[in-house]
Amino acid sequence: MTNLHCPYCGSREVEEFAFRKTLPEPDTDDVASVYLRTSRLESSVEHWQHLRGCRAWLKVCRNPSTGEIHEIELLGGFRS
Ligand SMILES: [Zn+2]
């Protein structure tokens, strides 16, 4: 993963972005989502922020093993 596509700024080097957190699986209960996070090799949903750009928060769906990005969504609804 060398580039991320920011909905406002376009394709940018990953160094401009800051990883914030990995989101739990949607069917995880509240306690497990706080205390039992697991790393998934095949898919991950994460929050990133375009810290050295527009500072937008992004929801990034990607494969952490390969770095392949499946979808990037601006938190708030806009998809790219
Ligand atoms: Zn941006």
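Here are the numbers for this structure:
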read-out: Cβ-defined net charge surrounding CYS54, 12 Å radius [Lys, Arg +1; Asp, Glu -1]; value: +2
read-out: Candidates LEU36, LEU51, LEU23: whichever shows maximal mean-square fluctuation once the chain is modelled as a Gaussian network with Cα springs under 10 Å; value: LEU36
read-out: Evaluated at q = 0.11 Å⁻¹: base-10 log I(q)/I(0), Debye formula over Cα of the chain; value: -0.29
read-out: Contact order relative to length of the chain, as percent, for alpha carbon pairs under 8 angstrom and 6 or more apart; value: 28 percent
read-out: Estimated distance in nm for a label pair at GLU15 and SER43, the labels positioned 7 Å out from Cα along Cα-to-Cβ; value: 3.2 nm
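The numbers here are math on the coordinates, done by the rules we state, and not lab data. Please read these numbers as outputs of a predicted model, since none were measured by experiment. Quick reminder, even Gly has a Cβ in these numbers, built from the backbone with ideal geometry, and neighbours come from all protein chains shown.
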